[in-house]
Amino acid sequence: MANATLGRLMAMISPRNDNYFVLFNSLADCVVRGSKVLAMMSAVKDPTKFDEHFAELRKIESEADEYTREILLSLHKTFITPFDRREIRELAMALDDIIDYMEDIPQSAKIYGESAFTPEMVALSQILLRASEKVREAVSMLSDMKNSEKILRTCAEISGIEGEADHVMRAGMHRLFAEESDARTLIRSKELYDIFEEAVDSCEDVADVIHGVVLERI
């Protein structure tokens, strides 16, 4: 089904009238869907449910890879692009990075064995979901520069959410090293906090690219 959908999207792209925005919106939608699954995973206690959510997240990540690949391939097929080719590449890669980091979180958790996410990790998953929704909002407005002020406000909101994530992560790390003595748990939790941070930072990377695109087009 993903390939059929992708085929319809690619049919909209021609050498003279490309429609990267359709693919960007689809990629941003994958980011939100993935963040919703990750938020559910962070709160689940049943290992079976965890594995089901993980399988779903992997499927979304694979779909996102296809959209990213087609955006990059289309750069070689189109003469006219809606904005700078470098920025198109950067935006596609930054969006793809978000979902890649989302997948890395449960993957790393399973390496060290099943155990519950900390309350701060649960909070970070919700923050990541909010950042992802703002990313999709900004991407959805990018095709019309009449939305420039709204886009820039949304980018600023993403930066604010990233700051909130830093605060939660520092609190979690402080509690981790103050209360935890098991080396394996320390290593596992430290790595997961780092990946959560990378995921939220990638949302800010998307905002930075979009911010630059908007400033150049208004």
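The values are calculated or read from the model by the stated rules, or taken from the named source; none is laboratory data. Computed from a prediction, not measured in an experiment: that's the story for all the values here. Cβ sites come from the backbone with ideal geometry, for glycine too, and all protein chains shown count toward neighbours. For accessibility, only protein heavy atoms count, side chains too; no ligands or nucleic acids. Shrake-Rupley method; radii C 1.70, N 1.55, O 1.52, S 1.80 Å.
Is there any pair linking a residue in the range 71-93 that is crowded, with 16+ Cβ neighbours inside 10 Å to one that is among the aromatic types (F, W, Y), with Cβ under 6 Å and at least six apart or on different chains, and which?
P82/Y20
Quick one: which residue in A207, A178, A116 is in a helix (DSSP H, G or I), under 30 Å from D46 (Cα atoms) and of a type in the set (G, A, S)?
Values: A207 fails: under 30 Å from D46 (Cα atoms); A116 fails: in a helix (DSSP H, G or I).
Answer to the check: A178.
So, of the residues in the range 129-158 that are open to solvent by 30 Å² or more (accessible area, probe 1.4 Å) and under 15 Å from the mean Cα position of the chain (by Cα), which turns out to be farthest from P82 (Cα to Cα)? So that I can check it myself, show each step before the final result.
Kept after step one, since they are open to solvent by 30 Å² or more (accessible area, probe 1.4 Å), are these residues of the range 129-158: 130, 133-134, 136-137, 140, 143-147, 149-150, 152-153, 156-157.
Imposing the further condition that a residue be under 15 Å from the mean Cα position of the chain (by Cα) reduces the set to 130, 133-134, 136-137, 140.
Values: R130: 27, E133: 23, K134: 22, R136: 18, E137: 18, S140: 14 Å.
Here the answer is R130.
Are any residues in the range 97-126 under 17 Å from R33 (Cα atoms), open to solvent by 10 Å² or more (accessible area, probe 1.4 Å) and in contact (Cβ under 8 Å) with a residue 60 or more places away in the chain, and if so, which ones? Lay out the reasoning, then the answer.
Initial filter on the range 97-126 (under 17 Å from R33 (Cα atoms)): 97-106, 122, 124-126.
Narrowing the set further to residues that are open to solvent by 10 Å² or more (accessible area, probe 1.4 Å) leaves 97, 100-101, 103-104, 122, 126.
D97, Y101, E103, D104, V122, Q126, listed by residue number.
Please state which one of R170, R175, R188 is free of Cβ contacts under 8 Å to residues at least 24 places away in the same chain and out of contact with any Leu (no Cβ under 8 Å at 6 or more places or on another chain). Step through it out loud before you land on a result.
Details: R175 fails: free of Cβ contacts under 8 Å to residues at least 24 places away in the same chain; R188 fails: free of Cβ contacts under 8 Å to residues at least 24 places away in the same chain.
Selected residue: R170, the only one of R170, R175, R188 that is free of Cβ contacts under 8 Å to residues at least 24 places away in the same chain and out of contact with any Leu (no Cβ under 8 Å at 6 or more places or on another chain).
Go through the residues of the range 44-53 one by one and say whether even a single one is of a type in the set (F, W, Y), open to solvent by less than 70 Å² (accessible area, probe 1.4 Å) and under 14 Å from I99 (Cβ atoms). Show your work before the answer.
Within the range 44-53, the first condition is being of a type in the set (F, W, Y), and the residues that meet it are 50.
Of the ones still in play, those that are also open to solvent by less than 70 Å² (accessible area, probe 1.4 Å) are 50.
From what is left, the residues that are under 14 Å from I99 (Cβ atoms) are none.
No.
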